[in-house]
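Heads up, the thing below is written out as structure tokens.
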Amino acid sequence: MNATNKTNDYVIAPSILSADFACLGKEVKDVLDAGADWIHFDVMDNHYVPNLTIGPLVCSAIRKHAVKNQKPVTIDVHLMVQPVDSIVPDFIKAGANLISFHPEATAHIDRTIGLIREGGCQAGLAFNPATPLHYLDHVLDKIDLVLIMSVNPGFGGQSFISSALRKITKVRQILNDYEKVSGRKIRLEVDGGVKRDNIAEIALAGADTFVAGSAIFSAADYKSVIQSMRQELAQV
């Protein structure tokens, strides 16, 4: 097992992009009852990425359903929008717990992180497959999560890009080195093509948080899929 990970520290965060929007509250409840840890909320603007999805009103609507063992669970909002700053307060008000954005989508990365944290949310920085990692050099003390996209963002159901494994390994080393110096743990999330057949390989590269959309929501039995993923993670 990766030296920084423990099996019970892994987080599975189903992306509701692949859920049935006609009964979204029930889908959120069902997937949490099936064993999911977080709810991943993909926001696309048909500008930064070629698709249009959901916004703060939907986030607010599912907040009351995102409960497990009578406690609110993390709503993990991934902003694929440009510009970013104007919409951050709306998601804070809507009940987001963690907000990630792309460095290319803002003129001032540090300012956007500040907006998120000042609003009481955790902040994450998201990297597309071809985005370099140098943006991390100046913000590790301010972020709580790094999100590595293992597909080009915009649509669910895409296949995992294998070169993302090298990127995940590089980020894991960066985060390990930072944790040794600072004592702060930053989560490493992977989104895109994550499924039972590759989740162990992704964990072995260094990820501890896994976004899975179609792999879970296209199955008849959400619990069976999530359990099989945890079984694979237990072997890492």
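The values are calculated or read from the model by the stated rules, or taken from the named source; none is laboratory data. Just so we're clear, the structure is a prediction, and the values are computed from it rather than from any experiment. Methodologically, a virtual Cβ is constructed for each residue, glycine included, from the backbone with ideal geometry; neighbour enumeration extends over all protein chains shown. Protein only, heavy atoms only, side chains kept; ligands, DNA and RNA dropped before computing areas. Shrake-Rupley method; radii C 1.70, N 1.55, O 1.52, S 1.80 Å.
Suppose we filter the stretch 93-108 for residues that are open to solvent by 30 Å² or more (accessible area, probe 1.4 Å) and more than 16 Å from the chain's Cα centre (by Cα); how many remain?
Here the count works out to 4.
Can you name the number of the only condition in (1) more than 22 Å from Met44 (Cβ to Cβ); (2) over 14 Å from the mean Cα position of the chain (by Cα) that Gln158 fails?
(1)
Of everything in the stretch 218-236 that's small (Gly, Ala, Ser) and not in a helix (DSSP H, G or I), which residue is least open to solvent (accessible area, probe 1.4 Å)? Lay out the reasoning, then the answer.
Initial filter on the stretch 218-236 (small (Gly, Ala, Ser)): 218-220, 224, 228, 234.
In the following step, the residues that additionally are not in a helix (DSSP H, G or I) were identified as 218-220.
Values: Ser218: 95, Ala219: 28, Ala220: 114 Å².
It comes out as Ala219.
If Lys6 satisfies all but one of (1) open to solvent by 60 Å² or more (accessible area, probe 1.4 Å); (2) modelled with pLDDT of 95 or more; (3) not aromatic (Phe, Trp, Tyr), what's the number of the condition it fails?
With (1) open to solvent by 60 Å² or more (accessible area, probe 1.4 Å); (2) modelled with pLDDT of 95 or more; (3) not aromatic (Phe, Trp, Tyr) applied to Lys6, the lone miss is (2).
So Tyr48 ticks every box in (1) modelled with pLDDT of 95 or more; (2) open to solvent by 40 Å² or more (accessible area, probe 1.4 Å); (3) not charged (D, E, K, R) but one. Which box is left unticked?
Result: Tyr48 passes all but (1).
Within the stretch 181-199, identify whether any single residue is part of a helix (DSSP H, G or I), open to solvent by 10 Å² or more (accessible area, probe 1.4 Å) and over 23 Å from Val73 (Cβ atoms), and answer yes or no.
Initial filter on the stretch 181-199 (part of a helix (DSSP H, G or I)): 181-182, 199.
So of that shortlist, the ones also open to solvent by 10 Å² or more (accessible area, probe 1.4 Å) come out as 181-182.
Subsequent filtering for residues that are over 23 Å from Val73 (Cβ atoms) retains 181-182.
There is at least one residue in the stretch 181-199 that is part of a helix (DSSP H, G or I), open to solvent by 10 Å² or more (accessible area, probe 1.4 Å) and over 23 Å from Val73 (Cβ atoms).
Need pairs with beta-carbon distance below 6 Å; first residue more than 19 Å from Met44 (Cα to Cα) and within the stretch 128-142, second aromatic (Phe, Trp, Tyr); sequence gap 6+ or separate chains.
If the second residue must be aromatic (Phe, Trp, Tyr), the pairs left are Leu140/Tyr178.
How many residues, within the stretch 131-150, are assigned to a loop (DSSP other than H, G, I, E, B), surrounded by 14 or more Cβ atoms within 10 Å (Cβ to Cβ) and over 13 Å from the mean Cα position of the chain (by Cα)?
Total satisfying the criteria: 5.
Give just the number: which of (1) open to solvent by less than 50 Å² (accessible area, probe 1.4 Å); (2) in contact with a Gly (Cβ under 8 Å, 6 or more places away or on another chain) does Ala215 not satisfy?
Going through (1) open to solvent by less than 50 Å² (accessible area, probe 1.4 Å); (2) in contact with a Gly (Cβ under 8 Å, 6 or more places away or on another chain) one by one, Ala215 breaks only (2).
Hey, does the stretch 201-210 have a residue that's assigned to a loop (DSSP other than H, G, I, E, B), out of contact with any Gly (no Cβ under 8 Å at 6 or more places or on another chain), open to solvent by less than 20 Å² (accessible area, probe 1.4 Å) and at pLDDT below 95?
No, there is no match, as no residue in the stretch 201-210 is assigned to a loop (DSSP other than H, G, I, E, B), out of contact with any Gly (no Cβ under 8 Å at 6 or more places or on another chain), open to solvent by less than 20 Å² (accessible area, probe 1.4 Å) and at pLDDT below 95.
For a quick check of your reading of the model, give me the residue pairs whose first member lies in the stretch 168-187 and is farther than 13 Å from Gly206 by Cα and touching a residue at least 24 places away in the same chain (Cβ under 8 Å), whose second is open to solvent by 70 Å² or more (accessible area, probe 1.4 Å) and in a loop (DSSP other than H, G, I, E, B), with beta-carbon atoms closer than 6 Å and at least 6 apart or on different chains.
Close Cβ pairs (under 6 Å, with a partner that is open to solvent by 70 Å² or more (accessible area, probe 1.4 Å) and in a loop (DSSP other than H, G, I, E, B)) amount to Glu179/Lys185.
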